[in-house]
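Below is one structure, written out as structure tokens; comments come after it.
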Amino acid sequence: MREIYETVSPLSAFAEVCEWLAFKGWSEAEGGNLSLRIEEDELPEELTASVAEEVDLPLEVPELGGKYLLITGSGTRSRDIATDAATDIGLYRITNDGTAYQWIIGNNRPTSEMPSHCAIQCEFVRSRPEYRAIIHTHPPRLISMTHVPEFKDPKILSDTLLGLQSEARIIVPEGIGHLPFCVPGSLELGVLSAEEIKYRNIILWHMHGALAVGTSLNHALDQLEVVEKASEIYWTLKSAGIPTDGMSEDDLMTSMEYFGRTDRYKNAFKDKE
Ligand code: 2HA
Ligand code: ZN
């Protein structure tokens with residue numbers, strides 16, 4: 001069975017992305033976790049059924065009933081997943097009623113952030129099913145942004161960061177969300193994240209880390225790279241004592257129009273009004 005599991009193609013994306021997360025120093029030690037939702041017909045038949053006991057989920061996720069999740073194991077390291085994803089990533093089936101999960105193969109202790117992964121994956125099935133991937137990691141410059149009181153306002157945070165480089169707002173037109181501090185792994189963190197992810201692809205968790213979503217793990221990583229780059233520019237200028245207003249509104253709007261992002265940019269924080 002292990003040999004069959006190793007052929008499941010998304011595992012190579014986990015390995016590739018985790019190698020980068022470790023290499024970048026974002027997922028230190030056991031920090032960070034990933035998930036990818038897959039359908040039954042994307043799995044080898046031998047891996048579609050589970051004989052393991054049902055484990056109750058901390059929240060009900062009816063939309064995920066009968067779906068499968070590949071998810072990081074608790075206490076696993078990104079740098080280990082890079083070389084042996086089949087050991088540290090587990091495959092689970094959500095029960096048909098969406099109240100429990102059953103382990104199938106690979107790692108059998110899901111990440112402590114399972115509530116967030118399940119709540120967000122459930123929201124995806126509900127409102128944007130092409131989204132399947134979630135990355136939570138600890139990028140240092142983005143975490144530093146959450147220490148600045150004015151950046152608790154996601155609009156100020158987004159307008160400041162995404163105006164520092166000409167492509168950032170094109171890639172992340174809906175802006176960056178910010179959640180108040182929640183205990184890592186808590187149900188509260190999961191529920192708030194699922195609500196915020198209705199409107200945005202990237203959220204900062206106060207003094208903890210970042211969470212990005214995408215149609216693939218690489219799509220989620222792309223967006224993390226863009227916003228961490230913007231925050232690197234922010235802290236570089238700040239350390240050098242160079243004040244900046246970032247791009248002018250005119251330049252930003254011209255770019256938004258050119259790339260067809262105007263409405264997404266203008267409506268970015270309508271949900272907060
Ligand atoms: O998986 O990063 O937030 C370890 C964590 C918890
Ligand atoms: Zn974390």
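Where a number appears in this text, it was derived from the coordinates with a stated rule and is not lab data. Everything numeric in this text was worked out from a predicted model, so none of it was measured. We place every Cβ from the backbone using ideal geometry, glycine too, and count neighbours over all the protein chains shown.
The figures follow:
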item	result
Fraction in percent of alpha-carbon pairs per bin - 10 Å, the stretch 85-214	12, 40, 33, 13, 3
Table column - 3J(HN,Hα) (Hz), the stretch 164-178, Karplus curve with 6.51, -1.76, 1.60, x for Gly and Pro	8, 8, 5, 9, 4, 6, 5, 7, 10, x, 7, x, 10, x, 9
Charge dipole magnitude, Cβ of K and R +1, D and E -1 - the chain, Cα centre, debye nearest 20	620
Gain upon complete extension [Glu3, Leu59; 0.36 nm per residue less C-alpha separation]	16.9 nm
Rounded tilt (10° steps) of 217-239 against the dominant C-alpha axis of the chain	30
Selected from Leu59, Leu217, Leu161 as most flexible by GNM, with the chain as the system and alpha-carbon contacts under 10 Å	Leu59
Structure-based [θ]222 nm, the chain - -39500 (n - 2.57) summed over DSSP H runs of at least 4, per residue, nearest 500	-11000 deg cm²/dmol
Cα lying deepest toward the dipole's positive end in the stretch 59-143, options Ile135, Ile120, Leu70, charges on Cβ	Ile135
Nearest-20 debye value, the stretch 214-253 charge dipole, Cβ charges on Lys, Arg, Asp, Glu	220
Per residue Cα convex hull volume in Å³ - calculated over the chain	122
Exposure proxy ranking, count of Cβ atoms within 10 Å, fewest first, for Cys122, Cys182, Cys18	Cys182, Cys122, Cys18
Choice from Tyr234, Tyr92, Tyr258 showing the highest fluctuation, given a GNM over the chain with Cα pairs closer than 10 Å	Tyr258
Cross-link table Lys67/Lys266; Lys198/Lys229; Lys155/Lys238; Lys238/Lys266, entries beyond 31 Å C-alpha to C-alpha	Lys67/Lys266
Using alpha-carbon coordinates, inclination of helix 10-23 to the longest axis of the chain, degrees	50
Cα-based convex hull, the stretch 1-103, per residue volume (Å³, whole number)	99
For the stretch 122-232, size of Cβ-based charge dipole, Lys and Arg +1, Asp and Glu -1, in debye	140
Net charge of Cβ neighbours under 13 Å - reference Pro58; Lys, Arg +1; Asp, Glu -1	-4
Set of aspartates and glutamates with alpha-carbon distance to Lys24 below 20 Å, sequence-local pairs under 8 removed	Glu16, Asp80, Asp84, Asp88, Asp222, Glu225, Glu228, Glu232
Angle between the chain longest axis and helix 249-258 axis [Cα atoms, degrees, rounded to 10]	50
Spin-label pair Met253/Asp153, simplified geometry with 7 Å Cα→Cβ offset, distance in nm	2.1
Rounded, prolate or oblate (a/c below 1.5 giving rounded, otherwise prolate when a/b exceeds b/c) for the stretch 234-273 by Cα gyration tensor	oblate
Rounded if a/c under 1.5, otherwise prolate or oblate - the stretch 168-261, Cα gyration tensor axes	oblate
For the stretch 76-140: rounded, prolate or oblate by the Cα gyration tensor [a/c cutoff 1.5]	oblate
Loop-located GluC sites (Glu not before Pro) in the stretch 224-254 whose Cβ has at most 11 other Cβ within 10 Å (DSSP)	none
